[in-house]
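Shown next, in structure tokens, is the structure this report addresses.
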Amino acid sequence: MPLSINRMYVIRRFFIFFAVVSTVSLFFSQKKDSLKPNRWAFSAGGEYGGIIPTNESLNFYRHKAFTGYNVQFLKQTDGSRTWEKRFNYPQIGFGFFALDFLKGKDMGSPYGFYGIYNGKFKQWNRLKWMHSINFGMSFNSNYFDFDNQYYNISVGSKTNMYISLGTGLYYELGEHFDLGLNVKFNHLSNGSMQIPNKGLNMASGQLSLVYYPERVKPVVDTVYTPTEKYNTLEFSVFGGRKDTFYQGENRVDLPYYEGYNQDVYGADLLYMHQYSNKSAIGLGVGVNYDGEYNHQGYVVDSTLYQKKRFSHDRLLVSIVPTYRLMIGKLYINIGAGVYPFKKTRKYDNDIVFQRIGLQYQITDRLFASFGIRASNFHIADYLEWRLGYTISKKKNKK
């Protein structure tokens with residue numbers, strides 16, 4: 001059966017893309033500094049896949065196919081720092097991507113940049129099993145716009161978070177090149193800063209080519225150095241903003257997703273106990289103001305208004321058990337918390353919530369964090385921008 005014109009178009013673009021990358025790589029491979037190892041590597045990849053129909057607008061959407069293109073700048077770790085050995089000499093770096101939804105023009109043509117963490121599960125001679133985590137920003141999505149007949153409720157803004165998870169096999173073709181075959185999951189969302197925001201999820205297969213000007217050999221260190229573990233007490237403040245829409249009575253008289261922007265802010269105290277080289281567990285207690293919780297909407301003559309729900313603003317107290325994965329100065333914090341004193345009402349989020357964030361240690365005490373708070377394990381509530389200070393840091397002798 002002959003290939004469709006659309007599929008031939010995709011294959012031709014992949015071929016041109018890889019031809020250009022290979023030519024550029026061969027050009028740079030002629031240069032090598034024999035005195036200082038070149039720790040940088042360069043990767044280019046093309047992917048082909050489809051949109052996962054995770055909401056009602058996508059169930060009957062016909063044009064789910066997409067192609068994607070990535071260029072990455074990777075730094076090879078060699079074990080000169082302790083955390084690099086703990087995580088089996090990963091690659092870190094940054095990259096750029098572009099997505100083409102082919103006939104699905106309702107989705108726009110997103111592009112953007114992201115940070116990279118590539119880890120290695122196992123290696124058999126020249127064959128490697130790798131996994132990747134990418135986190136960044138995307139631009140140029142088409143969002144829900146009823147007036148212009150864009151009915152995509154997956155994203156509510158042109159600017160979104162970009163998250164990509166992947167795993168695959170890489171084969172060392174020689175001294176300078178790896179050829180990789182991966183499966184990937186991509187996600188676009190704005191964290192409910194603008195609604196509707198159901199999230200756009202995609203799955204794909206990816207073919208990639210990696211160029212190493214010089215492969216870095218791991219540093220062999222036979223001297224055992226005991227790892228220092230710490231118990232810490234951290235204080236942080238955060239702020240954010242979220243878009244909400246009215247879901248109460250007389251909703252049919254309003255335009256789609258009409259509502260208000262609400263502020264959120266608060267402070268947390270978090271105690272963490274490090275129990276291994278990579279991990280820590282702890283418990284956090286916090287208070288926060290949520291504008292959505294303190295206001296309620298109502299409709300009069302097909303017009304939406306809002307009023308104070310309580311006579312005085314009420315703060316929400318939270319208790320959050322937390323797990324932390326430590327990768328050098330970068331921490332990944334994952335928590336599942338509860339608002340024990342929250343008075344619920346119809347259309348409120350549950351008293352249970354989830355939180356995940358990336359924390360970077362600017363100094364030994366000062367840190368910054370960016371994360372998302374969600375409910376029901378998949379509904380984004382708002383994004384958190386956080387700044388904190390480690391009040392106490394004591395060695396754990398156990």
Quiz prompt | Matching residues, segment 372-385, being touching an Asp or Glu at 6+ places or on another chain (Cβ under 8 Å) and either at pLDDT 95 or above or of a type in the set (A, V, I, L, M, F, W, C) (or both) | solution = I372, A374
Exercise. Take segment 162-195 and flag every residue that is of a type in the set (S, T, N, Q), surrounded by 21 or more Cβ atoms within 10 Å (Cβ to Cβ) and modelled with pLDDT under 95.
Key: S189, N190, S192
Quiz item: What residue, of F14, F27, F87, is of a type in the set (A, V, I, L, M, F, W, C), at pLDDT below 80 and open to solvent by less than 60 Å² (accessible area, probe 1.4 Å)?
Solution: F14
Quiz item: Going by the structure shown, is Y305 aromatic (F, W, Y) and within 25 Å of the chain's Cα centre (by Cα)?
Solution: no
Practice problem: Working carefully through the options D100, D106, D78, find the one that is in contact with a Pro (Cβ under 8 Å, 6 or more places away or on another chain) and either within 19 Å of N190 (Cα to Cα) or of a type in the set (D, E, K, R) (or both). | Solution: D78
Quiz item: Just one of the numbered conditions (1) among the aromatic types (F, W, Y); (2) assigned to a strand (DSSP E or B); (3) touching a Phe, Trp or Tyr at 6+ places or on another chain (Cβ under 6 Å); (4) open to solvent by 40 Å² or more (accessible area, probe 1.4 Å) is not true of Y257; which one?
Solution: (2)
Practice problem: For segment 368-385, indicate whether the set of residues that are open to solvent by 60 Å² or more (accessible area, probe 1.4 Å), free of Cβ contacts under 8 Å to residues at least 24 places away in the same chain and not in a loop (DSSP other than H, G, I, E, B) is non-empty. | Solution: no
Practice problem: Search segment 348-365 for residues being in contact with a Ser or Thr (Cβ under 7 Å, 6 or more places away or on another chain) and assigned to a loop (DSSP other than H, G, I, E, B), and hand back the single one that is modelled with the lowest pLDDT. | Solution: N349
Practice problem: Could you check, for segment 48-60, whether at least one of its residues is at pLDDT below 95, crowded, with 19+ Cβ neighbours inside 10 Å, over 22 Å from G191 (Cβ atoms) and in contact with a helix residue (DSSP H, G or I) (Cβ under 8 Å, 6 or more places away or on another chain)? | Solution: no
Quiz item: For segment 279-301, how many residues meet the condition of being open to solvent by 30 Å² or more (accessible area, probe 1.4 Å) and in a strand (DSSP E or B)?
Solution: 9
Quiz prompt | Any chance I351 is surrounded by fewer than 16 Cβ atoms within 10 Å (Cβ to Cβ) and either touching a helix residue (DSSP H, G or I) at 6+ places or on another chain (Cβ under 6 Å) or hydrophobic (A, V, I, L, M, F, W, C) (or both) | solution = no
Quiz prompt | Filter result for V264 (at pLDDT 95 or above and either assigned to a strand (DSSP E or B) or closer than 21 Å to M193 by Cα (or both)) | solution = yes
Self-check item: Residue list for segment 310-347, restricted to those being surrounded by 15 or more Cβ atoms within 10 Å (Cβ to Cβ), outside any strand (DSSP E or B) and within 27 Å of the chain's Cα centre (by Cα)
Solution: G328, Y339
Self-check item: Count of residues meeting criterion [open to solvent by 60 Å² or more (accessible area, probe 1.4 Å) and not in a strand (DSSP E or B)] in segment 239-254
Solution: 5
Quiz item: So which of S276, S236 ends up being farther than 18 Å from R314 by Cα, of a type in the set (S, T, Y), open to solvent by less than 60 Å² (accessible area, probe 1.4 Å) and not in a strand (DSSP E or B)?
Solution: S276
Practice problem: Give segment 106-161 a look and list any residue that's over 22 Å from the mean Cα position of the chain (by Cα), modelled with pLDDT under 90 and open to solvent by 60 Å² or more (accessible area, probe 1.4 Å), or say none. | Solution: F146, D147, N148, Q149, Y150, Y151
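The values are calculated or read from the model by the stated rules, or taken from the named source; none is laboratory data. In this text, all values refer to a predicted model and were calculated from it rather than measured experimentally. Every residue, glycine as well, gets a Cβ built from its backbone with ideal geometry; the counts of neighbours run over all protein chains shown. Please note that ligands, DNA and RNA were not included when accessible areas were found on the heavy atoms of the full protein model with its side chains. Shrake-Rupley method; radii C 1.70, N 1.55, O 1.52, S 1.80 Å.
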